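Novice: I have a structure here, written as structure tokens, and I will follow up with some questions on it.
The values are calculated or read from the model by the stated rules, or taken from the named source; none is laboratory data. All values reported here derive from a predicted model rather than from experimental measurement. Backbone-built Cβ (ideal geometry, glycine too); neighbour counts: all protein chains shown. Heads up: the accessible areas ignore ligands, DNA and RNA and are worked out on the full protein's heavy atoms, side chains in. Shrake-Rupley method; radii C 1.70, N 1.55, O 1.52, S 1.80 Å.
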Amino acid sequence: MHGYALENLHEYLQPGMRALDVGSGSGYLTACMAEMVGDNGRIVGVDHIPGLVEDSKRVLDRHYSEWMQSGRIKVLTGDGRKGYPDEAPYDSIHVGAASSHVPAELIAQLKSPGRLFVPVGSFSQNIVVYDKDCNGNVKEHEIMAVRYVPLTDPEKQCSEEFG
């Protein structure tokens, strides 16, 4: 799925661009995105599990220390449902967990033009691409049916409800 996400975001991960990776997990996709945006680009990875963020920072620093030190990659603990407005707007946003509704806070953090790639739905989920044009108008289109973990908070994710 990471390859499919990168293919769909390719136009918005060009050298010098800025992107947000929500649910950055291990940092694998964050690193791939950083490769695409080049030396003058910036990728912010956000995950709500502090231990996972620390692990990903360690791995990224071991393999991409120059990118971490230069700020090409920044990984932090936060509520990805709210994005990371401190560094918005972003050319592209990738979300690695399913939003139960249209993620308006993330769409608001897109540049014009910009693209958001996100699974949306509860039981029935689809990858939805939201494209914001140069006038700020947003169009959405479904790409395919998928099954992702829900975009939620740490307490709910670790509860018995989600196993």
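Novice: Which residues, taken from the stretch 11-30, are in a helix (DSSP H, G or I) and over 12 Å from the mean Cα position of the chain (by Cα)?
Specialist: Glu11, Tyr12
Novice: Going by the structure shown, is Gly45 touching a helix residue (DSSP H, G or I) at 6+ places or on another chain (Cβ under 8 Å), within 10 Å of His94 (Cα to Cα) and either in a helix (DSSP H, G or I) or open to solvent by less than 40 Å² (accessible area, probe 1.4 Å) (or both)?
Specialist: Criteria met by Gly45.
Condition check ((1) in contact with a Phe, Trp or Tyr (Cβ under 6 Å, 6 or more places away or on another chain); (2) of a type in the set (A, V, I, L, M, F, W, C)) across all residues:
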| residue | (1), (2) |
| --- | --- |
| His2 | no, no |
| Asn8 | yes, no |
| Pro15 | no, no |
| Arg18 | yes, no |
| Ser26 | no, no |
| Glu35 | no, no |
| Ile43 | no, yes |
| Val46 | yes, yes |
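Novice: Quick one: in the stretch 84-93, which of the residues that are open to solvent by 10 Å² or more (accessible area, probe 1.4 Å) and touching a strand residue (DSSP E or B) at 6+ places or on another chain (Cβ under 9 Å) is nearest to Ile49 (Cα to Cα)?
Specialist: So, considering only residues that are open to solvent by 10 Å² or more (accessible area, probe 1.4 Å) and touching a strand residue (DSSP E or B) at 6+ places or on another chain (Cβ under 9 Å), the one nearest to Ile49 (Cα to Cα) is Tyr84.
Novice: Let me ask something else about it. Every residue in the stretch 76-102 that is in contact with a Leu (Cβ under 8 Å, 6 or more places away or on another chain) and either free of Cβ contacts under 8 Å to residues at least 40 places away in the same chain or closer than 18 Å to Met17 by Cβ (or both), please.
Specialist: Gly83, Tyr84, Glu87, Ala88, Pro89, Tyr90, Asp91, Ser92, Ile93, His94, Val95
Novice: Sort out which residues of the stretch 32-42 are out of contact with any Pro (no Cβ under 7 Å at 6 or more places or on another chain), open to solvent by 10 Å² or more (accessible area, probe 1.4 Å) and not charged (D, E, K, R), and write them in order of number.
Specialist: Cys32, Met36
Novice: Among the residues of the stretch 14-27, is any of a type in the set (D, E, K, R), under 22 Å from Val102 (Cα atoms) and touching a Ser or Thr at 6+ places or on another chain (Cβ under 7 Å)?
Specialist: Yes, that holds for at least one residue.
Novice: Which numbered condition trips up Asp21, out of (1) open to solvent by 10 Å² or more (accessible area, probe 1.4 Å); (2) closer than 25 Å to Glu142 by Cβ?
Specialist: (1)
Novice: A further question follows. If only one of Val146, Val129 is open to solvent by less than 40 Å² (accessible area, probe 1.4 Å), under 20 Å from Ser24 (Cβ atoms) and at pLDDT 95 or above, which one is it?
Specialist: Matching residue, one of Val146, Val129: Val129.
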